[in-house]
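Asks: Below is a structure I'd like to ask you about.
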Amino acid sequence: HVGYESIRTGERTASSWIECRPDLLDDRGNLHPAVLGYLVDSTAGVVCGMAAVPHWVVTADLQFRLVHPEAVGPVRADATAVRPGRRQSLGEVRVVDEGADERLVALGTVNHLVIAKDDDLEVPADMPIDVRYGPANPLEAAPAPLAEHFGLRSTPGGGTAELDVVGDAVNPLGILHGGLLWSPAGIEREGF
């Protein structure tokens, strides 16, 4: 949905990109924080996941700080696995705006739990360095707004939001994607 592209740039480094399409912007015209959360989470997942092979990783803690939320795009996340381990793996991520002379957009860290890979789990076990992946599903038509795409439901008056943990909202383990943990309240609050 977001047109994500990624490449491993080294044994412990990777970069990923997302365009600043109108359907991915908030009501102020900035790239939606949930989309930035996804970019931070997924790019750190590439480096920490490859560092954990033959095991896999799941996000345990995702933190990022918006520095300059206005972006021309594309935005690029550069991640480094700073503490790969047998039980946990920590990645640092720096997001810059390539369309605005590499202006800093966000900084983040993602801590992962290293888990045994189930044979039925379809996750990458080998992502060669310098091979660019994506976008996963090139868009053929104008995409639906994020709230509609993920099936966000809200109560009258906007007090609560619900999101089913199915489909595109989950990773291969059936766990809600890290960036979406912020999304329901943020999407509704910002009229997304």
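The values are calculated or read from the model by the stated rules, or taken from the named source; none is laboratory data. Not measured: the values here are computed from a predicted model. Note: ideal-geometry Cβ built from the backbone for every residue, glycine included; neighbour counts use all protein chains shown. Just the protein is used for accessible areas: all its heavy atoms, side chains included, with ligands, DNA and RNA removed. Shrake-Rupley method; radii C 1.70, N 1.55, O 1.52, S 1.80 Å.
Asks: Among the numbered criteria (1) open to solvent by 20 Å² or more (accessible area, probe 1.4 Å); (2) among the acidic types (Asp, Glu); (3) out of contact with any Lys or Arg (no Cβ under 9 Å at 6 or more places or on another chain); (4) modelled with pLDDT under 95, which single criterion is violated by Glu92?
Replies: The single condition Glu92 does not satisfy is (4).
Asks: For the range 1-41, give me each residue that is small (Gly, Ala, Ser) and in a helix (DSSP H, G or I). Full working, then the answer.
Replies: Within the range 1-41, the first condition is being small (Gly, Ala, Ser), and the residues that meet it are 3, 6, 10, 14-16, 29, 34, 37.
Once the filter is applied, which keeps residues that are small (Gly, Ala, Ser) and in a helix (DSSP H, G or I), the range 1-41 yields Ala34, Gly37.
Asks: In the range 42-81, what residues are open to solvent by 40 Å² or more (accessible area, probe 1.4 Å), part of a strand (DSSP E or B) and without any contact (Cβ under 8 Å) to a residue 60 or more places away in the chain?
Replies: Selection gives Ala60, Asp61, Gln63, Phe64, Arg65, Leu66.
Asks: While we're on this one: All but one of (1) open to solvent by 60 Å² or more (accessible area, probe 1.4 Å); (2) farther than 19 Å from Asp130 by Cα; (3) of a type in the set (Asp, Glu) hold for Glu11, so report the exception by its number.
Replies: Answer for Glu11: the failing condition is (2).
Asks: I want to confirm something. Restricting to the range 161-192 and keeping residues that are open to solvent by 60 Å² or more (accessible area, probe 1.4 Å), of a type outside the set (Val, Ile, Thr) and not in a helix (DSSP H, G or I), which single residue is modelled with the lowest pLDDT?
Replies: Gly191
Asks: Name the pairs: first residue in the range 9-38 and without any contact (Cβ under 8 Å) to a residue 24 or more places away in the chain, second residue surrounded by 16 or more Cβ atoms within 10 Å (Cβ to Cβ), Cβ to Cβ under 7 Å, at least 6 apart or on different chains?
Replies: Between residues of the range 9-38 that are without any contact (Cβ under 8 Å) to a residue 24 or more places away in the chain and residues that are surrounded by 16 or more Cβ atoms within 10 Å (Cβ to Cβ), the close pairs are Leu25/Leu31; Leu25/His32.
Asks: Mind checking which residues of the range 14-41 are open to solvent by 30 Å² or more (accessible area, probe 1.4 Å) and at pLDDT 95 or above?
Replies: Residue satisfying the conditions is Trp17 alone.
Asks: Might you let me know whether the range 99-116 holds any residue that is touching an Asp or Glu at 6+ places or on another chain (Cβ under 8 Å), part of a loop (DSSP other than H, G, I, E, B), in contact (Cβ under 8 Å) with a residue 12 or more places away in the chain and not small (Gly, Ala, Ser)?
Replies: Looking for residues that are touching an Asp or Glu at 6+ places or on another chain (Cβ under 8 Å), part of a loop (DSSP other than H, G, I, E, B), in contact (Cβ under 8 Å) with a residue 12 or more places away in the chain and not small (Gly, Ala, Ser), one finds none in the range 99-116, hence no.
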